[in-house]
Amino acid sequence: MREFGYAILVVLLVWTVWIQIGHGPEWANSDPALDQMQIIQTDSVCLRNVVGIQPYMVSSDYQSKQHFYEKLKTYFEAAKQGGYFTKNTVVLLPEYLGTWLVINDEKSSVAEAKTITGAMTLIVLSNPIQFSRSYFSHQNESDVVAASIFRMKSQAMATIYSEVFKELAKTYQVTIDAGSIVLPGPLVVNSEIKVYPSQPLYNTSFIFHPTGDIDSRLIRKSFPISSEIPFVTAYPIEELPIFDLPIGKTAVLVCADSWYPESYDRINQLNADVVLVSSYCAGNNTMVADWKGYDGIRMPGDVDSTDVKKLKERDAWVKYALPGRINKTQAAIGVNVFLRGELWDLGTDGQPFFIKDGQLLEIGKSERGGIWSLCF
């Protein structure tokens with residue numbers, strides 16, 4: 001028994017040392033992989049415009065505030081140098097862009113893990129006390145581990161996310177729809193993002209103004225998909241806000257929310273001129289695969305069920321998401337961008353959608369990083 005006790009002590013000692021080392025790797029340049037820049041000029045004079053940025057993110061871009069800021073800055077600087085930014089510009093970024101800040105200040109091995117499960121396991125092993133505290137304050141989510149990790153890291157995530165986008169908004173003097181981030185009970189208080197770890201987790205988007213202020217009105221996802229339902233809480237679509245932005249009265253949807261008629265009923269109530277959508281489509285080459293139907297929440301009654309496995313995924317987006325549903329509103333402009341990159345084994349796919357006056361516009365494609373500017 002004494003030898004066994006010594007062995008346990010040695011294991012605990014090694015584990016304790018391992019926990020302390022390998023955190024906070026130095027920043028190194030990350031390739032923006034920018035292979036497309038295009039001005040979509042629908043008017044002779046560009047009085048207002050939406051700049052859709054498709055960042056090509058890799059897991060190491062989330063290892064610190066500097067990693068995250070420097071990567072995103074490359075896209076903003078390229079857009080500025082391309083003449084895309086005016087006093088009436090709104091920048092749109094994709095869903096989940098801020099979510100992977102959950103690996104901030106973790107070991108390099110977390111970013112280098114082959115799978116997301118492996119990465120999350122390393123986070124738990126590296127933070128046993130913090131994780132345990134978070135684990136026992138969960139809100140009965142079925143995926144307690146994921147929920148606990150996000151709660152444990154939520155304040156650091158919110159701080160980096162807010163500081164980076166405040167700086168980008170002020171530096172480039174643009175309004176930013178900063179994609180989305182998973183946070184517990186988020187609120188904006190005195191232009192700071194506050195989180196409440198004991199509250200439910202929401203897939204949330206924020207608007208940053210050129211002053212660096214964060215709009216107090218939040219956008220929370222109302223129709224989470226199956227991979228989110230175990231830890232993300234749905235928010236009533238009836239609470240969707242409207243924003244008076246330089247491009248007009250603007251409604252913002254988070255990915256799957258753009259597939260549901262209830263979202264467009266709300267947009268009609270708000271008299272929106274512009275609809276912006278942030279998306280993330282998991283899996284490589286998903287857009288050319290057979291459409292599997294609605295994922296997570298029931299299929300709306302206006303959907304033709306025979307389209308399942310008959311349409312390709314992209315065709316289903318065109319028919320049942322923003323391009324096909326915006327005509328049910330008075331909004332003249334619609335833009336939808338996707339997150340691309342190499343994030344563990346998750347995979348990514350998707351091309352932006354730009355709609356003006358009901359017409360889906362032709363754009364140059366990008367399988368990596370891209371920037372498009374729709375003038376109107």
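Element breakdown for the chain at a 1.4 angstrom probe: carbon and sulfur atoms account for 54% of the accessible area.
Estimated at 0.36 nm per residue, the fully extended path between T171 and D31 surpasses their Cα-Cα distance by 48.3 nm.
The alpha carbons of segment 314-364 occupy a box of 40, 21, 16 Å along the principal axes, longest dimension given first.
Which FRET efficiency, nearest 0.05, do T211 and K310 yield, Cβ-Cβ r, R0 56 Å? Result of the calculation: an efficiency of 0.70. For the chain, a Gaussian network of Cα nodes joined below 10 Å ranks N88, N29, N203 by mean-square fluctuation, and the top entry is N29. Estimated at the nearest 10 Å², the accessible area of S227 is 80 Å² with a 1.4 Å probe. Which FRET efficiency value, to the nearest 0.05, do you get for V45 and E77 by plugging their Cβ-Cβ distance into 1/(1 + (r/R0)^6) with R0 = 30 Å? Efficiency for this residue pair is about 0.75. Spacing of the modelled spin labels on S227 and S142, each 7 Å from Cα toward Cβ, amounts to 1.6 nm. The three principal axes of the C-alpha atoms in the chain carry coordinate ranges of 81, 47, 39 Å, sorted with the longest axis first. In this structure the chain gives 42 Å² per residue of accessible area when probed at 1.4 Å with all protein chains present. Starting from the Cα gyration tensor of segment 152-265, take the square roots of the eigenvalues, sort them a ≥ b ≥ c, and report rounded, prolate or oblate (rounded when a/c is under 1.5, otherwise prolate if a/b is larger than b/c, else oblate). Oblate, because a/c is 1.5 or more while a/b does not exceed b/c. Among rounded, prolate and oblate, which fits segment 260-305 when a ≥ b ≥ c are the square roots of the eigenvalues of its C-alpha gyration tensor, a/c under 1.5 means rounded, and a/b larger than b/c means prolate? Judged from the Cα gyration tensor, segment 260-305 comes out oblate (a/c at least 1.5, b/c at or above a/b).
If you model segment 282-366 as an ellipsoid using its alpha carbon gyration tensor, with each semi-axis the square root of five times an eigenvalue, the axes come out at 22, 19, 11 Å, biggest first.
Its Kirkwood hydrodynamic radius, worked out from the mean inverse distance over all distinct Cα pairs, puts segment 223-376 at 16.1 Å. Legend: residue pairs K87/K249; K80/K170; K292/K319; K65/K153, Cα-Cα distance threshold 18 Å; every pair lies within threshold.
With the simple model of a label 7 Å out from the Cα in the direction of the Cβ, Q155 to N284 spans 4.0 nm. Could you give the Stokes-Einstein D for segment 81-219 in µm² per second, using the C-alpha Kirkwood radius, 20 °C, 1.002 mPa s? Using the Kirkwood radius from Cα pairs, D works out to 135 µm²/s.
If R0 equals 30 Å, the separation of the Cβ atoms of K319 and S132 corresponds to a calculated FRET efficiency of about 0.05. The helix-based estimate of mean residue ellipticity at 222 nm for the chain, built from -39,500 (n - 2.57) per DSSP H run of four or more residues and divided by its residue count, is -9000 deg cm²/dmol to the nearest 500.
The values are calculated or read from the model by the stated rules, or taken from the named source; none is laboratory data. As the structure is a prediction and not an experimental result, all values here were calculated from the model. Because the Cβ atoms are built from the backbone with ideal geometry, glycine has one as well, and the counts that use them run over all protein chains shown. Please note that ligands, DNA and RNA were not included when accessible areas were found on the heavy atoms of the full protein model with its side chains. Shrake-Rupley method; radii C 1.70, N 1.55, O 1.52, S 1.80 Å.
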